[in-house]
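Quick notes on the structure that follows.
The values are calculated or read from the model by the stated rules, or taken from the named source; none is laboratory data. Predicted model only: the values in this text are computed from it and were never measured. Cβ: placed from backbone, ideal geometry, glycine included. Neighbour counts: every protein chain shown. In case anyone asks, the SASA skips ligands and DNA or RNA and just uses the protein heavy atoms, side chains included. Shrake-Rupley method; radii C 1.70, N 1.55, O 1.52, S 1.80 Å.
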Amino acid sequence: MILNQTSAEKKDYKLYESLCNTVNGGDLEATKCIITQQPNVVSPEISSHGGTALPIAILAGHLKIANELVNKMQPADLEKTNELIGATPFSLAAISGDRKLSRAMVEKNFQVGYNCK
């Protein structure tokens, strides 16, 4: 759990443990299954490090999973900055060098290419 939080503020990351594990493990089919059954899991923080599934997938190098997540996310979800690392999903995609992923993000939310600070 994150330090300096009251009990009411602590999130129950156990709810997202299976998604976090499948994303980290690179299991595309299991990830698809989870997000099909529970589409609302693609945008909340799923780890105590403040990460949503998308930056976790990108940082782990699982870019097919990242593309799948982008397809399921709302445009505004792509603008979220991970406070721990200070990066947006778009900046991580750009660093990864995956043009297809970066293009998919811009097509979903044109602003992500302009919100880089």
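For region 60-70, check the following and say yes or no: at least one residue is surrounded by fewer than 18 Cβ atoms within 10 Å (Cβ to Cβ) and of a type in the set (Asp, Glu). No: region 60-70 contains no residue that is surrounded by fewer than 18 Cβ atoms within 10 Å (Cβ to Cβ) and of a type in the set (Asp, Glu).
Selection of region 69-117 for residues being of a type in the set (Asp, Glu) and under 19 Å from SER47 (Cα atoms) yields ASP77, GLU79, GLU83.
Out of the residues in region 71-88 that are assigned to a loop (DSSP other than H, G, I, E, B) and either at pLDDT 90 or above or at positive phi (or both), which is least open to solvent (accessible area, probe 1.4 Å)? Here the residue is MET73. Exactly one residue out of GLU107, GLU45 is open to solvent by 40 Å² or more (accessible area, probe 1.4 Å) and farther than 22 Å from SER18 by Cα, and it is GLU107.
Take THR6 and decide whether it is hydroxyl-bearing (Ser, Thr, Tyr) and either over 25 Å from ALA76 (Cβ atoms) or modelled with pLDDT under 90 (or both). Answer is yes for this residue.
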